[in-house]
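The values are calculated or read from the model by the stated rules, or taken from the named source; none is laboratory data. This is a predicted model, so every value here is computed, not measured. With ideal geometry, Cβ positions are generated from the backbone for all residues, glycine too; neighbour counts draw on all protein chains shown.
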Amino acid sequence: MVKRGKLNAASVRSAIESTLKRRRWPARRARDIAFHMTDWLDELSRFHAFCRAPDQGAPQEVEELLMAFLIHVPNHVAAAGKLMTDAPVTDLFEVGAVDCGHRKRRAARG
């Protein structure tokens, strides 16, 4: 499953999709869930490498990998969660995590 330190996204995507289809999930939904659960695996690989050796990363590199992970991953996980469980994303920790105010501000600047 692991190739040169990276996860094999195509293999993982295929396994998720085929498993869900065997469990009688609609093909489109299975494909979408598989996509959303694998599109960010490069960021996961980078974060995992950092976690294995947290003292080896330069501060700027650590900040960049965190930004890349936090910008790319959450929306994919939220989409997969909604597609698979129909449960909405909530702001469990009350930090404004699902605040859509940025859209309103951007529209107001127009």
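In the stretch 67-94, which residues are loosely packed, with under 15 Cβ neighbours inside 10 Å, assigned to a helix (DSSP H, G or I) and of a type in the set (A, V, I, L, M)?
Answer for the stretch 67-94, where residues must be loosely packed, with under 15 Cβ neighbours inside 10 Å, assigned to a helix (DSSP H, G or I) and of a type in the set (A, V, I, L, M): M67, L70, I71, V77.
I'd like to check something: does the stretch 39-51 contain any residue that is farther than 19 Å from V73 by Cβ, modelled with pLDDT of 95 or more and of a type in the set (D, E)?
Going residue by residue through the stretch 39-51, those that are farther than 19 Å from V73 by Cβ are none.
Checking the stretch 39-51: not a single residue is farther than 19 Å from V73 by Cβ, modelled with pLDDT of 95 or more and of a type in the set (D, E).
Which one of these does T38 not meet: (1) without any contact (Cβ under 8 Å) to a residue 12 or more places away in the chain; (2) surrounded by 15 or more Cβ atoms within 10 Å (Cβ to Cβ)?
Result: T38 passes all but (1).
Among the residues of the stretch 59-72, are any touching a residue at least 12 places away in the same chain (Cβ under 8 Å) and closer than 17 Å to V12 by Cα?
No.
Looking at this structure, is I33 surrounded by fewer than 16 Cβ atoms within 10 Å (Cβ to Cβ), modelled with pLDDT of 95 or more and of a type in the set (A, V, I, L, M, F, W, C)? Before the answer, list the steps.
Values: surrounded by fewer than 16 Cβ atoms within 10 Å (Cβ to Cβ): no; modelled with pLDDT of 95 or more: yes; of a type in the set (A, V, I, L, M, F, W, C): yes.
The answer is no for I33.
Take the stretch 18-33 and flag every residue that is out of contact with any helix residue (DSSP H, G or I) (no Cβ under 6 Å at 6 or more places or on another chain) and within 20 Å of L7 (Cα to Cα).
Hits for the stretch 18-33 are S18, T19.
Among the numbered criteria (1) at pLDDT below 95; (2) surrounded by 16 or more Cβ atoms within 10 Å (Cβ to Cβ), which single criterion is violated by Q56?
(2)
Return the total of residues in the stretch 34-62 being in contact with a helix residue (DSSP H, G or I) (Cβ under 9 Å, 6 or more places away or on another chain) and of a type in the set (K, R).
Step one: of the stretch 34-62, the residues in contact with a helix residue (DSSP H, G or I) (Cβ under 9 Å, 6 or more places away or on another chain) are 34-44, 46-47, 49-50, 54, 56-57, 61-62.
From what is left, the residues that are of a type in the set (K, R) are 46.
Counting residues in the stretch 34-62 that are in contact with a helix residue (DSSP H, G or I) (Cβ under 9 Å, 6 or more places away or on another chain) and of a type in the set (K, R) gives 1.
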